[in-house]
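Below is one structure; the comments refer to it alone.
Just so you know, all these numbers are worked out from the coordinates, no wet-lab data involved. Please read all numbers here as calculations on a predicted model, not as lab measurements. Cβ placement follows ideal geometry from the backbone for every residue including glycine, while neighbour counts extend to all protein chains displayed.
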Amino acid sequence: MSDETKSFTLQTASFDARFPNQNQTKHCWQNYVDYFKCINAKGEEFAPCKQFYRAYHSLCPSEWQPPQQCY
């Protein structure tokens, strides 16, 4: 067994005042749309785009998501 351990930080989407209710469907959709707008405008390597990616993967059910890409 290796002495090296990889650190993994689990994060969920932060609070968004535009979506205060329990149902997070609109929050999911907005992060999904914002992610694809961001990568189309700035490219996939633009760091703020990854925040939208993590948010929609955290909020949206896996059945709603396209095949997963690892970041």
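Enter the angle in degrees (range 0 to 90, nearest 10) between the Cα long axis of helix 25-42 and the first principal axis of the Cα atoms of the chain, meaning the one along which they spread out most.
Orientation of helix 25-42: about 70 degrees from the principal axis.
Local charge sum around LYS42 (other residues, Cβ-Cβ under 12 Å, Lys/Arg +1, Asp/Glu -1)?
Computed value for this residue: -1.
At 0.36 nm per residue, and after removing the present C-alpha to C-alpha distance, how many nm does the segment from PHE15 to GLU63 gain when stretched out fully?
15.0 nm
Karplus couplings for segment 58-66 from phi (6.51 cos²θ - 1.76 cosθ + 1.60, θ = phi - 60°), rounded to Hz, Gly and Pro as x?
Each residue's phi maps through the Karplus curve to give 6, 8, 8, x, 4, 5, 8, 8, x Hz.
What ratio of Cα Rg to 2.2 N^0.38 Å holds for segment 25-64?
Normalised Rg, Cα atoms only: 1.08.
Okay, helix-only estimate at 222 nm for the chain: each DSSP H run of n ≥ 4 adds -39500 (n - 2.57), divide by all residues, round to 500 deg cm²/dmol; what do you get?
Value at 222 nm, helices only: -14500 deg cm²/dmol.
Work out, step by step, the length gained on full extension between ILE39 and THR25: first 0.36 nm times the residue separation, then minus their alpha carbon distance; give nm to one decimal.
Working it through step by step, the gained length comes to 2.9 nm.
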